[in-house]
Amino acid sequence: MTFDEFAVGQVLEAGPWHVSQDELLAFARQWDPQWFHTQPEAAASGPFNGLIASGWHTCGIAMRLAADAFLKGSESFASPGLDKIRWPEPVRPGDTLRLRCTVQDVRRSRSQPQLGILTWRWQLFNQHGAEVLSIDATSLFDTVRNANPPA
């Protein structure tokens, strides 16, 4: 999507993404090797009653879904940051996730009119409708320099 295609109040959806135990373990072993992410037997008697995905893995899944569905081919080039990252429910092996993005603000910078600023809430839901991730994200778009970005 191009910057001009986003509108306040717009709701965008992407997915599904199926989380396999192999994917969950591979991510955790490389990036977040805590026992409740990497040791199925120990996690079974832990506080979550089973293996759970790293929150950072969950964020990565949301990013992949957003990039493929909404940002691929756009003028998006960076993000100054994220706010209010929450993991209200754990992601488990076998979960199927869907992304919902709600556009909160679309504006151009006053000092750099070619700079588009998009703020949007990203939410991931599992197959039961439980929210497993919530992020307030800001994305930057260079609407002049990247008028024809690579696909």
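The values are calculated or read from the model by the stated rules, or taken from the named source; none is laboratory data. Note that the structure is a prediction, hence the values are computed from the model and not measured. All Cβ positions, even for glycine, are placed from backbone atoms using ideal geometry, and neighbour counts span all protein chains on display. Note: areas computed on protein heavy atoms with side chains; ligands, DNA, RNA excluded. Shrake-Rupley method; radii C 1.70, N 1.55, O 1.52, S 1.80 Å.
Figures for the structure shown
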read-out: Count - residues of the range 46-61 that are surrounded by fewer than 21 Cβ atoms within 10 Å (Cβ to Cβ), of a type in the set (A, V, I, L, M, F, W, C) and within 15 Å of the chain's Cα centre (by Cα); value: 2
read-out: Cβ pairs under 9 Å, 6+ apart, first in the range 110-126 and of a type in the set (Ser, Thr, Tyr), second in a strand (DSSP E or B) and surrounded by 15 or more Cβ atoms within 10 Å (Cβ to Cβ); value: Thr119/Val103; Thr119/Gln104; Thr119/Val106; Thr119/Asp136; Thr119/Ala137; Thr119/Thr138; Thr119/Ser139
read-out: Unmet criterion (only one of (1) more than 17 Å from Thr2 (Cβ to Cβ); (2) touching a Gly at 6+ places or on another chain (Cβ under 7 Å)) for Arg110; value: (2)
read-out: Breaking point among (1) part of a strand (DSSP E or B); (2) under 17 Å from Trp56 (Cβ atoms), for Ser139; value: (2)
read-out: Residue in the range 83-102 that is in contact with an Asp or Glu (Cβ under 9 Å, 6 or more places away or on another chain), touching a residue at least 24 places away in the same chain (Cβ under 8 Å) and aliphatic (A, V, I, L, M) present; value: yes
read-out: Criterion violated by Val132 - all others in (1) without any contact (Cβ under 8 Å) to a residue 40 or more places away in the chain; (2) under 30 Å from Gly50 (Cα atoms); (3) surrounded by 13 or more Cβ atoms within 10 Å (Cβ to Cβ) satisfied; value: (1)
read-out: Filter result (open to solvent by 90 Å² or more (accessible area, probe 1.4 Å) and without any contact (Cβ under 8 Å) to a residue 60 or more places away in the chain) within the range 62-81; value: Arg64
read-out: Matching strands (runs of 3 or more DSSP E) fully within the range 1-108 where at least 1 residues are among the small types (Gly, Ala, Ser) and closer than 19 Å to Ser139 by Cβ; value: 11-18, 76-86
